[in-house]
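**Student:** Please find one structure pasted underneath; my questions will follow.
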Amino acid sequence: MDSLLKHMVDMTGHRDHTMLDISVISAVQELARASQTRVLTIMHVRGQQYVRARASICAGGVARMEEPADVNALGEPISSYPALAACIARNDTSAESLSEDGKRTLWLPIWIGEKVDTCLEILHPTPYTSDTIHVIGGIVSVYRNFQNLLDYSERDSLTGLLNRKTFDDQLAKMLHVTAEQESLEPGREERRQPSDAEKQWLAVVDVDHFKLVNDKFGHLYGDEVLILIANLMQSSFRSQDRVFRFGGEEFVVLLRSTTLENAQKIIDRFRTNVESHDFPQVGQVTVSVGFVSISPYESPVIILGHADQALYYAKSHGRNQACHYDQLVSGGLLHAVASNDTAEFF
């Protein structure tokens, strides 16, 4: 009982999804004496479902977050987990299977209303007693409730995208991780420029002529445009990217681990998806985008400011385009002023 209370206190003390995942699998692993426990992400991409491990712990080990070898990979199709797939299709709360080598696997989908995007997977050698199932069920209920609370505090109420506060937190984490990755080995000279290989990127998205949409069709249709653009963002960007509503008609995207060429392609894919979409009553809507690579040697304000400057250039030179800050500067189209970190247009 003391161990259970300790884990409950630990779980309810976090205000971060990552630490909540670590806490729940640590609790389940110890209390259920499992051989392995994982948190799985259930991703919905273009009508298909994929499964990818998010965190794991093995008997005698320490819980850790899982980083995919290929950040562009969606994971395994849910058809690779037939018992879990059938469980989700039935809107059920659990599924169990026994493999040919005698390993038992228990899946516990975390339902938030009619939606499931997280599942606990528990591997154990023998059937669980009803008491153990009851304890695990209680832990899962607490985990689900706190996930729901975190989602509520982190998301925009209109679009369901992550909100401005969550953006600030995630950008700070991304800068910290990037700084660690670029930290020096002993004896090597300091490196102030990011690698030319894969980088992290920040893109600012603004809906073109959005005021005209509100003025002509009313705010209800304006809100519908924002909701549909949010949906297009979620389907156009990759599973590892993060999309946020910044406020009004402005959105922000954090693109993880890709090259400039791929970043441009990913952003343009979203932009053209918006351009080709038929918005009810309104018709065609376009977006302008400014983006920049993320450097751990610059503050969040400067990084965001550079993306904003590229966005302003895109909007003042025809709209419906994506502009890269560094390319504008190197091409002489933007002049970066070092003294106050602003830019002037020629």
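**Student:** Provide the per-residue ³J(HN,Hα) series for segment 109-124, in order, calculated from phi with Karplus coefficients 6.51, -1.76, 1.60 and θ = phi - 60°, each as a whole number of Hz, with x at glycine and proline positions.
**Tutor:** Taking θ as phi minus 60°, the curve returns x, 9, 8, 10, x, 9, 10, 10, 10, 9, 8, 8, 10, 10, 9, 8 Hz for segment 109-124.
**Student:** Taking the chain as a Gaussian network, where each spring joins two C-alpha atoms under 10 Å apart, which residue of 118, 132, 37 fluctuates the most?
**Tutor:** Comparing 118, 132, 37 in a Gaussian network model of the chain, the most mobile one is 132.
**Student:** Here's a follow-up. List the longest stretch of the chain that has no exposed loop site; here a site is one of the GluC sites (Glu not before Pro) assigned by DSSP to anything other than H, G, I, E or B, with at most 13 other Cβ within 10 Å. Each step should come with its number before you reach the end.
**Tutor:** Working: sites that count: 100, 114, 189, 190.
For GluC sites (Glu not before Pro) (loop position, at most 13 other Cβ atoms within 10 Å), the longest site-free span of the chain is 191-346.
**Student:** Decide, for segment 79-176, between rounded, prolate and oblate: order the square roots of the alpha carbon gyration tensor eigenvalues as a ≥ b ≥ c, take rounded if a/c falls under 1.5, and otherwise choose prolate if a/b is larger than b/c, else oblate. Numbers along the way, then the final one.
**Tutor:** On the way: a/c = 2.16, a/b = 2.14, b/c = 1.01.
Since a/c reaches 1.5 and a/b is larger than b/c, the shape of segment 79-176 is classed as prolate.
**Student:** At 222 nm, what value in deg cm²/dmol follows for the chain if DSSP H runs of at least 4 each add -39500 (n - 2.57) and the sum is divided by all its residues, to the nearest 500?
**Tutor:** Working: 10 runs with 144 residues, N = 346.
Result for the chain, helices only: -13500 deg cm²/dmol.
**Student:** In nm, what is the difference between 0.36 nm times the number of residues separating residue 261 and residue 97 and their Cα-Cα distance? The partial results should precede the final answer.
**Tutor:** Details: separation 164, 0.36 × 164 = 59.04 nm, distance 4.40 nm.
Full extension from residue 261 to residue 97 adds 54.6 nm.
**Student:** Measuring from label point to label point, each 7 Å out along Cα→Cβ, what is the residue 117 to residue 333 span in nm?
**Tutor:** Result: 3.3 nm between the two label points.
**Student:** With an 8 Å cut-off on Cα pairs and a minimum separation of 6 or more residues, tell me the relative contact order of the chain in percent. Walk me through the numbers before you get to the answer.
**Tutor:** Values: 550 pairs, mean separation 43.2, N = 346.
Taking the mean separation of contacting Cα pairs over the length of the chain, I get 12 percent.
**Student:** If you take Kirkwood radius over Cα pairs in Å from the coordinates, which of (i) 22.4; (ii) 21.0; (iii) 20.4 do you get?
**Tutor:** For Kirkwood radius over Cα pairs in Å, the calculated option is (i).
**Student:** Right, something else. May I ask you to list the residues of segment 119-142 whose amide nitrogen lies under 16 Å from a point 7 Å from Cα along the Cα→beta-carbon direction of residue 31?
**Tutor:** 120-123, 128-142
**Student:** Looking at segment 95-181, which trypsin sites (Lys or Arg not before Pro) are in a loop (DSSP not H, G, I, E or B) and have at most 14 other Cβ atoms within 10 Å?
**Tutor:** Numbers: sites: 103, 104, 115, 144, 155, 164, 165, 173; in loops: 103.
Sites meeting the loop and neighbour criteria: 103.
**Student:** Once you have a ≥ b ≥ c as the square roots of the Cα gyration tensor eigenvalues for segment 25-115, tell me rounded if a/c is under 1.5, and otherwise prolate or oblate according to whether a/b is larger than b/c.
**Tutor:** Details: a/c = 1.61, a/b = 1.22, b/c = 1.31.
Verdict is oblate for segment 25-115.
**Student:** In addition: Mean separation of Cα pairs under 8 Å and 6+ residues apart, divided by the residue count of segment 227-346: what relative contact order is that in percent? Display every interim value, and only then the final one.
**Tutor:** Working: 147 pairs, mean separation 21.0, N = 120.
Result for segment 227-346 is 17 percent.
**Student:** While we're on this one: Determine, from the Cβ-Cβ distance of residue 19 and residue 157 and an R0 of 22 Å, the FRET efficiency 1/(1 + (r/R0)^6), rounded to the nearest 0.05. Let's see the in-between values first.
**Tutor:** Working: r = 25 Å, r/R0 = 1.12.
So, using R0 = 22 Å, E works out to roughly 0.35.
**Student:** OK, next. Between segment 99-139 and segment 293-311, how far is it from one alpha carbon centroid to the other, in angstrom?
**Tutor:** Going from one Cα centre to the other spans 44 Å.
**Student:** Counting other Cβ atoms within 10 Å, which trypsin sites (Lys or Arg not before Pro) in segment 237-346 have at most 15 and lie in a DSSP loop? Working shown, then result.
**Tutor:** Numbers: sites: 238, 242, 245, 256, 265, 269, 271, 315, 319; in loops: 238, 319.
The qualifying sites are 319.
**Student:** Still on this structure, I have one more. Using every pair of alpha-carbon atoms in segment 213-258, split the distances into 5 Å bins beginning at 0 and state the percent of pairs per bin, rounded to integers.
**Tutor:** 5, 20, 26, 20, 14, 8, 5, 2, 0
**Student:** Using only Cα atoms, find the angle between the long axis of helix 300-316 and the longest principal axis of the chain, and express it within 0 to 90 degrees, rounded to the nearest 10.
**Tutor:** In the chain, helix 300-316 runs at an angle near 50 degrees to the longest axis.
**Student:** When the accessible area of segment 214-346 is computed with all protein chains present and a 1.4 Å probe, what percentage of it is carbon and sulfur? Show your work: numbers first, answer last.
**Tutor:** On the way: 2980 of 5990 Å².
Answer for segment 214-346 is 50 percent, counting heavy atoms of protein chains only.
**Student:** Once you have a ≥ b ≥ c as the square roots of the Cα gyration tensor eigenvalues for segment 269-319, tell me rounded if a/c is under 1.5, and otherwise prolate or oblate according to whether a/b is larger than b/c.
**Tutor:** Details: a/c = 3.47, a/b = 2.43, b/c = 1.42.
Prolate shape, in that a/c is at least 1.5 and a/b is the bigger ratio.
The values are calculated or read from the model by the stated rules, or taken from the named source; none is laboratory data. Only a predicted model underlies this, so the values are computations on that prediction, with no experimental measurement involved. A quick note on method: Cβ atoms are made from the backbone with ideal geometry, for glycine too, and the neighbour counts reach across all protein chains shown. Surface accessibility is based on the protein's heavy atoms, side chains included, excluding ligands, DNA and RNA. Shrake-Rupley method; radii C 1.70, N 1.55, O 1.52, S 1.80 Å.
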